[in-house]
Amino acid sequence: MRKIIKGKAYDTDKAELVASGSHVHELSDAWWSLYRTSVGAWFEVAAGHDGVMEFQPFTDGEARCWLERHANHLVERYFGEAPEASALVPKETETKSSEPEYPPQAAKNPTELVTLKPTLWGMSIDLKELWRRFCAWRENRK
């Protein structure tokens, strides 16, 4: 099967089939497959319960997440060795980190905002700092 999406060709006959799976139910024909082109682009071909097929281009991050969920044993083959997991470090010996603090600690000053650092695609956002910058920008505009 060949499909052109945003000017790029995705061809299941020429690409490497990395992994596939299906819905385990007698009333479902759903299935999905992850492919990698000869130049390293990832895409998924999936068919829903109704049999309608879709081609979906993936970024490297999306392909990695897909493999972690559906074919975990292949992650390191395509993305290199993963670092070993480590235990959490106690607060006293902890070095400053970009990782968010869970659960958020109450501010020492009651008028201070609680620091929340939600993550979006692996990047954390410091809402307190964002608020301070917005207030400074608003003051400079006056």
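In table form, for the structure just shown:
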| read-out | value |
| --- | --- |
| Tabulated pairs, region 2-20, first within 26 Å of Arg69 (Cα to Cα) and in the same structural domain as Gly48 (by TED's automatic domain parsing), second aliphatic (A, V, I, L, M) and not in a strand (DSSP E or B), C-beta under 7 angstrom, 6+ apart or interchain | Thr12/Met1; Val18/Leu74; Ala19/Leu67; Ala19/Ala71; Ala19/Leu74 |
| Residue within region 50-73 that is surrounded by 14 or more Cβ atoms within 10 Å (Cβ to Cβ), outside any strand (DSSP E or B), among the β-branched types (Val, Ile, Thr) and within 21 Å of the chain's Cα centre (by Cα) present | no |
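The values are calculated or read from the model by the stated rules, or taken from the named source; none is laboratory data. From a predicted model like this one, the values you see are computed outputs, not experimental measurements. Cβ sites come from the backbone with ideal geometry, for glycine too, and all protein chains shown count toward neighbours.
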